[in-house]
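Trainee: Let me give you the structure first, and then I'll get to my questions.
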Amino acid sequence: MEHITILFLTAVGLQTVSIILLLFQLAAVKRLKAPRAPKPYCEDAAPPRFFITGDKHRDFSEVRQFCRDRNTRRKDVLIILGDSGFNYYEDARDDKLKAEISRLQITLLCLHGNKEC
């Protein structure tokens, strides 16, 4: 427990002392609170935004830049109209691309194109 020494240089009323002690108690309790959990998916009041693109063919550099420029959030949705390239090789290369893209602050909705497996 912390000890706080208060030196009053002037006459102070009992109510003022009580208020000061209450403020110190509130400050101490606030410091002891557990850290706040991360915000859930839709905690902020802003509605999700929807964006449409297509034919990425495994090149998501524009999408990364778009997310940075627009400050996208997980609840925003980017619809990719075909040929995203997530299932071109059906091996570890596809898994690596999916892992990289899953770190972006946006939700993807991908429709299969004529080049998807």
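Rule-based calculations on the coordinates, nothing more; no lab input. Since the structure is predicted, the reported quantities are computational estimates derived from the model, not experimental observations. Ideal geometry is used to build each Cβ from the backbone, glycine not excepted, and the neighbour counts take in all protein chains shown.
Trainee: Between PHE50 and VAL77, with labels modelled 7 Å along Cα→Cβ, what's the label distance in nm to one decimal, could you check?
Mentor: It works out to 0.6 nm between the two label points.
Trainee: May I ask you to compute the full-extension gain from ASN114 to ASP69, defined as 0.36 nm times their residue separation minus their alpha-carbon distance, rounded to one decimal in nm?
Mentor: Gain on stretching ASN114 to ASP69: 13.2 nm.
Trainee: Which cross-chain or sequence-distant (5 or more) residues have an amide H under 5 Å from the amide H of CYS110, H modelled 1.01 Å from N in plane?
Mentor: ILE80
Trainee: Taking H placed 1.01 Å from N in the peptide plane, check which residues at least 5 places from PHE51 or on another chain put their amide H under 5 Å from its amide H.
Mentor: VAL77, LEU78, ILE79
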